[in-house]
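Engineer: First the structure, then my questions, so here it is.
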Ligand code: NAD
């Protein structure tokens, strides 16, 4: 573990298994300088358990950066559940996972991520209080995805203004990869603002809906990055910007919800050299954890959430300006700012 390329002084990496329910999970805590680790739990089928560990290490570090940059009283943590093969009892799985979260003793507070819903949070809540993203209760914040989508939409406007001087995104072509909880919400914002949508997903049902409701053009998943577009918005899983995909990306702006969009840190410089403005993912997609932080604070205040989204826009604009001044890639400028805040 200590030699793992993505190990970055993580405070704790916890492994859990429960043969009865089939649970195999990792809870990674990166840094708790500003508070307990806050970050969603992902349920995913990984090719190998090593891939799940890599995901947990990278995602928890990104949560430290994200929470520090959003000025939240949360540290960086992330839960990853390896999806059991075949049919499984979801209630038993999330009960076992709830016990795992409880065992970490409050150094990690969970919420939703890919493959996990408020219903699952309700099951976790039967085993531990270290859970947010609930849709009932005194400070319940519900599914964080709409707030994440709002933050991504705002970030697209900031990036377009910075790159082109345009105040409006009307008429712009935006390629959206992944129409899940965040991606579809983002498309609704973009459609309402007059943008043209080119979209993909591996789920045909959401594609049909996007075509009917939003007039979106549908393309195959393997070509979405390469379509003629002004903005590319990765909203599926990580690694959308890679050595293989980058030379084919025609958009000059990349802003999306997905965590870890750059397949490697070097992709940030590669974007810069190609004249592509990359908006660092953990700045752009902080809306969800901002919403969760409002719940964790004990009294959900929508005005506080809005003020944090306003601040997110300013942070992103500052990163773009600093990167330009220093002729440095935006991801490294953001990482440096985050690490300074975390004193690591
Ligand atoms: P989701 O599971 O609801 O949606 C993901 C979508 O991507 C699904 O519709 C899925 O079918 C699609 N997809 C998967 N593989 C694909 C592929 N190869 N090509 C095209 N589509 C593909 O997840 P979500 O909550 O919308 O999150 C999307 C991304 O944003 C994730 O990377 C997540 O970590 C990140 N994120 C989400 C939140 C949030 O509030 N939900 C917050 C921060 C970051």
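Engineer: How big is D, in µm² s⁻¹, for the range 177-234 by Stokes-Einstein at 37 °C and 0.692 mPa s if Rh is the Kirkwood radius over C-alpha pairs?
Structural biologist: Details: Rh = 11.2 Å.
The diffusion coefficient I find is 294 µm²/s.
Engineer: Extension gain residue 192-residue 117, at 0.36 nm per residue separation less the Cα-Cα distance, in nm?
Structural biologist: On the way: separation 75, 0.36 × 75 = 27.00 nm, distance 2.61 nm.
Length difference between fully extended and current span is 24.4 nm.
Engineer: How would 11, 220, 324 line up from fewest to most surrounding beta-carbon atoms within 10 angstrom?
Structural biologist: Numbers: 11 17, 220 8, 324 14.
Fewest-to-most Cβ neighbours within 10 Å comes out as 220, 324, 11.
Engineer: Within the range 176-192, which residues have the backbone N less than 16 Å from the label spot 7 Å out from residue 202 along Cα→beta-carbon, could you tell me?
Structural biologist: It comes to 177-181, nothing else.
Engineer: State, to one decimal in nm², a quarter of the convex hull surface area for the C-alpha atoms of the range 195-344, i.e. the direction-averaged projected area. Let's see the in-between values first.
Structural biologist: Details: hull surface 42.4 nm².
For the range 195-344, the mean projected area of the Cα convex hull comes to 10.6 nm².
Engineer: Taking square-rooted eigenvalues a ≥ b ≥ c of the alpha carbon gyration tensor, is the range 1-145 rounded, prolate or oblate, where a/c under 1.5 means rounded and, failing that, a/b exceeding b/c means prolate? Before the final figure, lay out each step's value.
Structural biologist: Details: a/c = 1.73, a/b = 1.07, b/c = 1.62.
Judged from the Cα gyration tensor, the range 1-145 comes out oblate (a/c at least 1.5, b/c at or above a/b).
Engineer: Rounded, prolate or oblate: which fits the range 147-274 when a ≥ b ≥ c are the square roots of the eigenvalues of the alpha-carbon gyration tensor, with rounded for a/c under 1.5 and prolate only if a/b beats b/c?
Structural biologist: Since a/c reaches 1.5 but b/c is at least a/b, the shape of the range 147-274 is classed as oblate.
Engineer: Next question, about the same structure. What span do the alpha-carbon atoms of the range 100-159 cover on each of the three principal axes, reported in whole Å from largest to smallest?
Structural biologist: 42, 23, 22
Engineer: Which number do you get for Rg(Cα) / (2.2 N^0.38 Å) in the chain? Mind showing how you got there, number by number?
Structural biologist: Details: Rg = 19.0 Å, N = 344, 2.2 N^0.38 = 20.2 Å.
Ratio of Rg to 2.2 N^0.38 Å for the chain: 0.94.
Engineer: Ranked highest first by average number of other Cβ atoms within 10 Å, how do 128-135, 65-72, 172-179 line up?
Structural biologist: On the way: 128-135: 21.8, 65-72: 23.6, 172-179: 25.4.
Going by the mean number of other Cβ atoms within 10 Å, highest first, we get 172-179, 65-72, 128-135.
Engineer: Further question on the same structure: Between residue 17 and residue 344, 0.36 nm times their residue separation minus their Cα-Cα distance comes to what? All intermediate terms of the calculation are to be shown ahead of the outcome.
Structural biologist: On the way: separation 327, 0.36 × 327 = 117.72 nm, distance 3.14 nm.
Contour length minus Cα-Cα distance gives 114.6 nm.
Engineer: Here's something else I'd like to know. Over the range 79-118, what lengths in whole Å, largest first, do the semi-axes of the equivalent ellipsoid take, defined as the square roots of 5 times the eigenvalues of the alpha-carbon gyration tensor?
Structural biologist: Working: eigenvalues 72, 29, 15 Å².
Taking √(5λ) for each Cα gyration eigenvalue gives 19, 12, 9 Å.
Engineer: Same structure, new question: Would you calculate the convex hull of the Cα atoms in the range 266-344 and tell me its volume per residue in Å³?
Structural biologist: Per-residue hull volume (Cα only) is 96 Å³.
Engineer: If the chain between residue 213 and residue 326 were fully stretched, how many nm would it gain, using 0.36 nm times the residue separation less the Cα-Cα distance? List each step's numbers first, then the result.
Structural biologist: Numbers: separation 113, 0.36 × 113 = 40.68 nm, distance 4.32 nm.
Residue separation times 0.36 nm, minus the Cα-Cα distance, leaves 36.4 nm.
Engineer: Same structure again: Need one number: nm distance between label points at residue 318 and residue 266, each 7 Å from Cα along Cα→Cβ, rounded to one decimal.
Structural biologist: So the two model labels end up 3.1 nm from each other.
Any read-out appearing in this document is the output of simple, stated calculations on the displayed coordinates, not a laboratory observation. Treat the numbers as computed from the prediction; the structure is a model and nothing was measured. Don't worry about glycine lacking a Cβ; one is built from the backbone with ideal geometry, like all the others, and counts go over all protein chains shown.
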